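What follows draws every value from the coordinates through simple rules; no lab data is involved. None of the values given here were measured: they were computed from a predicted structure. Note that we place each Cβ from the backbone using ideal geometry, even for glycine, and neighbour counts take in every protein chain shown.
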Ligand code: SF4
């Protein structure tokens, strides 16, 4: 058996920054540290931090007054920030700057009188945060059918934004439908689907045709990981989205000569390595690193944390 190992895969700059932020916060304040929602959508990462005394909360009222609170990489709405302020929490903002960019676009369009069509997945933490920037000016669409159901008057100033972790191809179908129905719709100068999402999808699109099976390391609630598995399926390749080696079923590999392994932007490298080692051990598989695109993106810690760091020295 041959293993094609996709590059780029795994942690993106936003996830690295958010995890670094949480590690430094633990050093700075000690446990317990509170995080609003999962710091990133990955079970292995969340379980590790739970073991270190991190408490993931779904509501601000779960955090004792005055305690530090991290906002996850997916961002939060202004309402959540206000609630945290009212509780005198020490907020540390680990929102990915590329998510913040979408928030700022929403604020800008709303202030200029636009109605905003947000392309995204209902209930996703990022979508909830972005919609909270201008709740009465943003409508969510998840499909071209949703676009058909929009009934804005023809003179409405319209703009669209997207969630950062969508399938590029699926988003383009929806954007085409929007442009057909609302030819004057405005769009942000630069793509909202982030570089990491695009690069990981590009690697799967390029490499999957050479494989019989695709394994995507990532959690079921990770949007960008799910999209990678879907893209493989759309290319006619069976795929499995798994958190780690323990979920592998040997029967998947019957008749498989080449397996492509990739990982979503929130999946740590050790879960990838464990799968590679398993396939080497059980199937005597040979490893081939496949490079589709270089990545050199790095985000510094947020100002809200940098301002606190001198306390450590
Ligand atoms: S997937 Fe993209 S938007 Fe999400 S944290 Fe990573 S770089 Fe930021």
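Using the Cα atoms of the range 1-160, I'd like the radius of gyration and the largest Cα-Cα distance, Dmax, both in angstrom.
Computed over the Cα atoms of the range 1-160, radius of gyration and Dmax are 18.3, 59 Å.
Consider a paramagnetic label point 7 Å from the Cα of residue 206 along Cα→Cβ; state which residues of the range 3-33 have an amide N under 12 Å from it.
6-9
I need the peptides 67-80, 237-250, 49-62 ranked by packing, meaning the mean over residues of other C-beta atoms within 10 angstrom, with the highest value on top.
With the highest mean Cβ count within 10 Å placed first, the list reads 67-80, 237-250, 49-62.
Return the calculated 222 nm mean residue ellipticity for the chain, to the nearest 500 deg cm²/dmol, obtained by summing -39500 (n - 2.57) across DSSP H runs with n ≥ 4 and dividing by the residue count.
When only DSSP H runs of four or more count, the value is -11500 deg cm²/dmol.
Divide, for the range 201-313, the radius of gyration over alpha carbons by 2.2 N^0.38 Å, where N is the residue count.
Dividing the Cα Rg of the range 201-313 by 2.2 N^0.38 Å gives 1.29.
So between residue 298 and residue 152, what do we pick up on full extension, going 0.36 nm a residue minus the alpha carbon distance?
Extra length available between residue 298 and residue 152 comes to 48.5 nm.
Scattering from the C-alpha atoms of the chain alone, worked out with Debye: what is log10 I(q)/I(0) at q = 0.11 1/Å?
-0.73
What percentages, rounded to whole numbers, describe P(r) for the range 98-181 computed over all alpha carbon pairs with 10 Å bin width beginning at zero?
P(r) for the range 98-181, in whole percents per bin: 18, 54, 27, 0.
Can you grab the distance from the C-alpha centre of the range 218-278 to the C-alpha centre of the range 57-123, Å, no decimals?
So the separation of the two Cα centres works out to 31 Å.
Just to verify a number: FRET efficiency for residue 104 and residue 274, C-beta to C-beta distance, R0 = 41 Å, to 0.05?
0.60
Just subtract the alpha-carbon distance of residue 143 and residue 55 from 0.36 nm times their residue separation and send over the number in nm, one decimal.
28.2 nm
What's the exposure ranking of 101, 190, going from fewest to most Cβ atoms within 10 Å?
In increasing order of surrounding Cβ atoms, one gets 190, 101.
Mind giving me the nanometre distance, one decimal, between the label points for residue 181 and residue 286, set 7 Å out from Cα along Cα→Cβ?
It is 5.2 nm.
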